[in-house]
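Enquirer: There's a structure below that I have some questions on.
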Amino acid sequence: MSPKPTYDKAFLQQRFINFYVLGISYAVFYFSRYNLSTAHPKFKELLELPYSGYSAIIGTALLIYGLTVFISGPLIDRVGGKKAMLLGSGGALLSNVLFGATYFLVEKNAISGSHAILKYGLNLTNLISIMTFIWSINYFFQSFGALSIVKINSAWYKKSERGSFSGKFGSVIQLGRMLVLTVCPWILYSLPWCYVFFIPALFQAIMFFLIWQLVEEHPSRHSHPSIKDAIKAILSAPKKETILLCVFVAVFTGMIRNGVEHQITVFFSRHFYVASENIRSYFPYQMYAVLTPFAMIAASLLSGPSSDKYFSSRRFPVMTGAFFLTFIGLFCMMFDMKNPYVSSALLIFVMFSLQGVNNILMGTLTADLGGEKISGSVTGVFDGAQYVGGSAISYIIGGVLTKTNNWVYWPLVLLLPTSLAFIMSTLLTKKEKAELAL
């Protein structure tokens with residue numbers, strides 16, 4: 001085991017500031033990304049937004065995110081993480097304001113069987129197209145967040161520290177999930193639905209200022225590689241085969257994670273027939289909303305540090321175990337979807353397991369494989385693969401549920417990518433072990 005690194009006081013103080021400003025900033029990214037999923041039941045009631053329309057908005061946005069990060073990774077390695085983080089925060093702020101402004105395109109909501117009436121001669125299809133376009137812009141800018149953070153933090157943490165760091169960092173950003181699951185339903189109940197987008201935009205404005213004023217990108221001055229050099233570095237990396245296999249794991253992870261996360265509120269609302277104004281007081285949903293962030297904090301604190309402590313900074317054994325637990329949770333869900341309390345408990349367990357995967361894949365492996373030089377590029381490739389997978393599964397789940405109206409197919413559809421991810425992660429575990437034995 002390598003000796004614990006030692007640093008001077010100024011270094012540790014700045015790293016502390018970076019940690020909390022970036023952690024809370026990414027929590028706000030979550031707040032301004034998953035707010036739409038919470039608002040969907042309200043849209044269904046007031047605007048008669050069909051499930052296919054919601055799937056189109058989410059699916060298109062996820063695809064844009066996935067395609068963008070393949071480009072933004074090398075770009076971030078070129079311009080630096082702080083500038084890219086500011087760009088992402090500013091863009092997410094503007095996009096949420098614009099999406100909230102679509103509220104003013106509605107002249108009359110759908111009430112008591114009457115259809116919603118829109119202004120300026122628009123119809124529901126036009127409104128869905130406008131919403132899809134704006135939300136895709138939001139996801140374009142959101143794609144700069146995670147990559148920028150990994151880029152900055154790779155310079156401040158050595159490999160032997162990254163597992164423990166990712167555990168603590170993954171815990172801080174769960175604040176965003178708490179805001180989405182608890183504050184967003186309260187906003188929808190107390191205020192017009194546009195505020196579920198305006199309030200996260202206000203949070204983004206605050207964090208934009210704090211990033212600009214407080215975050216330091218690197219302990220010392222350094223040059224950035226060109227975009228061409230960053231791409232070349234990935235293709236010629238010593239562990240390029242491992243990177244390629246991880247891309248497939250990321251695709252499957254994105255399918256599972258987005259396939260679960262974007263459907264939670266819709267599931268409780270539609271499967272158990274809970275009206276949007278009652279969702280915040282529906283106890284099984286409350287149970288999920290309150291306990292899930294804590295479960296994910298626990299997963300973050302367990303997965304990263306355990307890979308350092310028990311597996312000598314090997315990441316794949318932890319990922320393999322987490323995929324196995326995810327499979328168990330989804331498999332059990334299929335057999336009791338009539339009891340909302342059982343469904344809530346199993347969803348908490350699935351999110352706990354998925355956070356173990358995501359914490360290792362995006363918070364630790366990217367920095368390990370990319371190093372300080374191309375960590376942004378590697379993160380971009382992995383993140384892009386996740387969101388391309390997420391886009392595909394959004395359309396698949398939307399199509400299956402529209403056709404069958406049977407939520408038992410939801411976990412069933414997700415079992416295939418979970419199985420493939422487990423197999424790929426097992427192969428990577430064996431490959432890593434064989435390489436270390438040489």
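Enquirer: In sequence order, what are the phi-derived ³J(HN,Hα) couplings for the stretch 124-138 according to the Karplus relation 6.51 cos²θ - 1.76 cosθ + 1.60 with θ = phi - 60°, rounded to whole Hz, with x for glycine and proline?
Expert: Taking θ as phi minus 60°, the curve returns 4, 4, 4, 5, 4, 5, 5, 4, 4, 5, 5, 5, 5, 4, 4 Hz for the stretch 124-138.
Enquirer: Test of understanding: what is the full-extension gain from Q286 to F104, defined as 0.36 nm times their sequence separation minus their Cα-Cα distance?
Expert: 62.5 nm
Enquirer: Follow-up question, since we're still on this one. Using alpha carbon coordinates only, what is the Rg to Rh ratio of the chain, with Rh defined as the Kirkwood radius?
Expert: So for the chain, dividing Rg by the Kirkwood Rh gives 0.97.
Enquirer: Run the numbers on the chain and let me know its relative contact order in percent, using alpha-carbon pairs under 8 Å that are six or more apart.
Expert: Once divided by the residue count of the chain, the mean separation gives 29 percent.
Enquirer: Can you tell me the FRET efficiency between I111 and L202 if r is taken as the Cβ-Cβ distance and R0 is 30 Å, rounded to the nearest 0.05?
Expert: 0.50
Enquirer: Explain nothing, just compute: Karplus ³J(HN,Hα) = 6.51 cos²θ - 1.76 cosθ + 1.60, θ = phi - 60°, for every residue of the stretch 283-288 in order, whole Hz, x for Gly and Pro.
Expert: Listing the rounded values in order: 4, x, 5, 4, 4, 5 Hz.
Enquirer: How long is the gain from A298 to K158 if the chain were fully straight, where each residue apart is worth 0.36 nm and the alpha carbon distance is subtracted?
Expert: 48.1 nm
Enquirer: If I stretch the segment between Y20 and L415 completely, what's the gain in nm (0.36 nm per residue apart, minus their alpha carbon distance), one decimal? Each step should come with its number before you reach the end.
Expert: Values: separation 395, 0.36 × 395 = 142.20 nm, distance 3.58 nm.
This chain segment gains 138.6 nm when fully extended.
Enquirer: Another question, then. Using only Cα atoms, tell me the angle between helix 81-101 and the longest principal axis of the chain; keep it within 0 to 90° and round to the nearest 10.
Expert: That works out to roughly 0 degrees.
Enquirer: Which cross-chain or sequence-distant (5 or more) residues have an amide H under 5 Å from the amide H of S313, H modelled 1.01 Å from N in plane?
Expert: Close amide H contacts, sequence-distant or interchain: D308.
Enquirer: Over the residues of the stretch 1-157, compute the C-alpha Rg and express it relative to 2.2 N^0.38 Å.
Expert: Taking N as the residue count of the stretch 1-157, the ratio is 1.33.
Enquirer: I want to check the label-to-label distance for K431 and L191. Put each point 7 Å from Cα in the C-beta direction and report it in nm to one decimal.
Expert: Between K431 and L191, the label points sit 4.8 nm apart.
Enquirer: On to the next question. Describe numerically, in nm with one decimal, the distance between label points set 7 Å from Cα along Cα→Cβ at A275 and at C332.
Expert: Taking the simple label geometry, A275 and C332 are separated by 3.4 nm.
Enquirer: Using a basic spin-label model with each label point 7 Å from the Cα along Cα→Cβ, how many nm lie between L214 and N406?
Expert: Result: 5.2 nm between the two label points.
Enquirer: Mind listing the phi-derived Karplus ³J(HN,Hα) values for the stretch 61-69, rounded to whole Hz, using 6.51, -1.76 and 1.60 with θ = phi - 60°, and x for any glycine or proline?
Expert: After applying 6.51 cos²θ - 1.76 cosθ + 1.60, I find 4, 4, 5, 4, 4, x, 6, 5, 5 Hz.
Readers should treat all values here as calculations from the given coordinates under stated rules, not as data from a laboratory. From a predicted model like this one, the values you see are computed outputs, not experimental measurements. In this analysis, Cβ positions are derived from the backbone assuming ideal geometry, glycine residues included, and neighbour counts consider all displayed protein chains.
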